[in-house]
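K.L.:
What follows is a single structure, and I will ask about it in a moment.
The values are calculated or read from the model by the stated rules, or taken from the named source; none is laboratory data. None of these values were measured; they are calculated from a predicted model. All Cβ positions, even for glycine, are placed from backbone atoms using ideal geometry, and neighbour counts span all protein chains on display.
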């Protein structure tokens, strides 16, 4: 018997498999749910809020027919404010079909944005329709990958419409078609019983009847799906272009007397500076400011205004609101110089690779001498012989044998600017002593004193890099600078243009290094003077052999090794009870164990100066050694041991309690006994077992300061500073000088603006830049700070200044307007993103715009002559809303919107027409 065959599964086709269209819809639906497009945000928009707020943009890529479809979500980040009261929202709540999309289309507060557009500005759809939220679908990848055929348009748009209905989206969804640079979109927005279709078209040749409002109204009414009982509302804006204003501010490069010879149209004006700063200034020849006059009719009924080829009511004289917009393109040489200087931060080449190994030269520029003479010659008598034969050290050889783009005379001129006292024959800019007496604000920028050596050097390096030869000239200047420092040290001369005192860690590291070098010079001079006095006190010529020993008594010991197992004192420690090294009495206080003897303050060694990097290195060593390490204790207590030994020498019968009474009075406390009497004793931290202070006191021997080993070796420290500066590579030189260069650049701008009497106009911007630079200068990162944002803000400030100077010319200053009026109007331009109101008939009666009226009077004659030739665009917005009071479903016919932009012969029509889906 033949086997029965079940043919139920035979020839079966699986129709349950998901198609690509269904997969795409599912992915798009999940993405829209994630973005919560079904939630309607009911906060009303404020005037022009869309053009000033920030936007949140999210992008995801989905697969569709083996092609990537990018889905972009745009949402305006509106300012936080309280929702409207119940009474104010009652009218809107009566119509449940009305969504935020409808509110945005019918709101005339965001109809027109600024005519000046930037590539990074808000999306075209937000400008055209005034939408706060929308989704855009377009092919991923850009370039030539875009939708070309109507079948592709409808395929993606149908998917978007289906998904929007499934997820109950209240956010419009658009599909970008054709070439992206054309900005063509199709879109759909759904609401209960309503569907809004968005369409954009563009025409190269505008039909005559569509150039004016009359023909556009006819076209608009023909597109309506039903007859509306109301009249349409229209908003109109006309834009006129004025002649571009150009002011020639030529390039000035210090020490080069270089100015551009490019001939261009426009007035020439030089920037006045009161103080000399070695940084370039001026603006590129192509800098200019374009001006646009924009007249707006915010809302009119379609039957009120008339606009046709024969006659129009939309003329500047009848406009209720008029503004001027300024678009500035200015490139400052100062900002360009500082921006180019950033490239040095990536150059890791050493200084020797530019100027050779032995660029430091021979000391003092003197002739070669026999090294044996240096060894046998006494260190004091030899130097005194040298110092007695000159007033200024020889400058020969400072600029020779330094390879680079600058010749010897040019390099000498730069050195004369850095060290004017060393080149009196050509010094033009001596250091002002008053600037170093003024208090430097340490809470601001971690830089240096105004017009100090550090600021001059930093500016020179930036200028050399930009205009005098690049990195090679920088290396040449730095090498000559370090040579000059070595000359100053060899001749015991202090570094000019540096604040006095110990290294101030509140200033930049380069300034601290120069302060350290000055401290070393001062200590060296003091030692030599002390040794010279000791020598002059020896009347017997036969005591010449004893001179060396006597001089040693007037100096500190340079030996590093300790001379006993328990003390770091020199060999000749004073063990007798004879007091030595007393400075003065400590008031009327007496020794505790010897009430008849006064307590004397000893002569002590001066504190050891440290630069910021040295303090950091010490902290690292202490951290690695740990608190219980003997070497760590020795590092901390070196100065304490010296002071205790000096105290014991000055007060032979004193004990530790006496030392604490002078050295740390807070540790000498009063305590009350049980019987009510008060006594004094050491604090707890001084009496703890194993206390470091007690250990050091036991080790200390009575040694006066004259016989102690020096805590600070000025010779060694000075050579460390010179070696540090001579071994920096180019990126390290950049890190040392970039903050002082930026600080000086701000000071130069303040000087320029002060001479132009506009410092008050830009004071807030300068203050913000100072705060930003303060933060950058105090960065704890080892890498150079990121200056992109700071330099961008600096460039914007300089563009604003050029814009102000052009605005002065535009307003007829000084013949037809005064500086106070211009400042008032320009302050509005700064606050309102390059716009200033010149006509506002609602406020004209209150005289709030009296000064703006003068600007309108100045600009009006320029428009009366050729107003038709200056018109560049007309923007019409037509709105028609249904009856929002309808309470029954289906009676609300929805909003109708159309925008027409006429630019020359071109026309762009943007429509958003709503139809009812009740019976569909």
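K.L.:
Please go through segment 489-521 and give me each residue that is surrounded by 20 or more Cβ atoms within 10 Å (Cβ to Cβ) and either in contact with a strand residue (DSSP E or B) (Cβ under 6 Å, 6 or more places away or on another chain) or in a helix (DSSP H, G or I) (or both), ordered by number.
P.N.:
Answer for segment 489-521, where residues must be surrounded by 20 or more Cβ atoms within 10 Å (Cβ to Cβ) and either in contact with a strand residue (DSSP E or B) (Cβ under 6 Å, 6 or more places away or on another chain) or in a helix (DSSP H, G or I) (or both): 489, 510, 511, 512, 513, 514, 515, 516, 517, 518, 519, 520.
K.L.:
Return the residue satisfying two criteria in turn: it lies in segment 661-678 and is within 50 Å of the chain's Cα centre (by Cα) and assigned to a helix (DSSP H, G or I), and of such residues it is surrounded by the fewest Cβ atoms within 10 Å (Cβ to Cβ).
P.N.:
666
K.L.:
Looking only at segment 112-129, count how many residues are in contact with a strand residue (DSSP E or B) (Cβ under 9 Å, 6 or more places away or on another chain) and part of a loop (DSSP other than H, G, I, E, B).
P.N.:
Total satisfying the criteria: 6.
K.L.:
Would you call residue 416 over 32 Å from the mean Cα position of the chain (by Cα), closer than 29 Å to residue 504 by Cα, assigned to a helix (DSSP H, G or I) and at pLDDT 85 or above? Steps first, answer last, please.
P.N.:
On the way: over 32 Å from the mean Cα position of the chain (by Cα): yes; closer than 29 Å to residue 504 by Cα: yes; assigned to a helix (DSSP H, G or I): yes; at pLDDT 85 or above: yes.
Taking the combined requirement at face value, the residue satisfies it.
K.L.:
Looking at segment 596-610, which of its residues are touching a residue at least 60 places away in the same chain (Cβ under 8 Å) and part of a strand (DSSP E or B)?
P.N.:
Initial filter on segment 596-610 (touching a residue at least 60 places away in the same chain (Cβ under 8 Å)): 599, 601-610.
Matches in segment 596-610: 599, 601, 602.
K.L.:
Let me ask something additional. Looking at (1) modelled with pLDDT of 85 or more; (2) touching a helix residue (DSSP H, G or I) at 6+ places or on another chain (Cβ under 9 Å), find the lone condition where residue 687 falls short.
P.N.:
Result: residue 687 fails condition (1) only.
K.L.:
Restricting attention to segment 293-323, and to residues there that are in contact with a helix residue (DSSP H, G or I) (Cβ under 7 Å, 6 or more places away or on another chain), closer than 21 Å to residue 869 by Cβ and not in a loop (DSSP other than H, G, I, E, B), which single residue is modelled with the lowest pLDDT?
P.N.:
316
K.L.:
Would it be correct to say that residue 658 is more than 26 Å from residue 577 (Cα to Cα), surrounded by 14 or more Cβ atoms within 10 Å (Cβ to Cβ) and outside the structural domain of residue 521 (by TED's automatic domain parsing)? Walk me through it before giving the result.
P.N.:
On the way: more than 26 Å from residue 577 (Cα to Cα): no; surrounded by 14 or more Cβ atoms within 10 Å (Cβ to Cβ): yes; outside the structural domain of residue 521 (by TED's automatic domain parsing): yes.
No: the conditions fail for residue 658.
K.L.:
Now, a different point. Which condition from (1) modelled with pLDDT of 90 or more; (2) part of a loop (DSSP other than H, G, I, E, B) is the one that residue 144 breaks?
P.N.:
Going through the list (1) modelled with pLDDT of 90 or more; (2) part of a loop (DSSP other than H, G, I, E, B), residue 144 breaks only (1).
K.L.:
Right, next: Please work out which one of (1) assigned to a helix (DSSP H, G or I); (2) at pLDDT 90 or above is the condition residue 109 fails and give its number.
P.N.:
(2)
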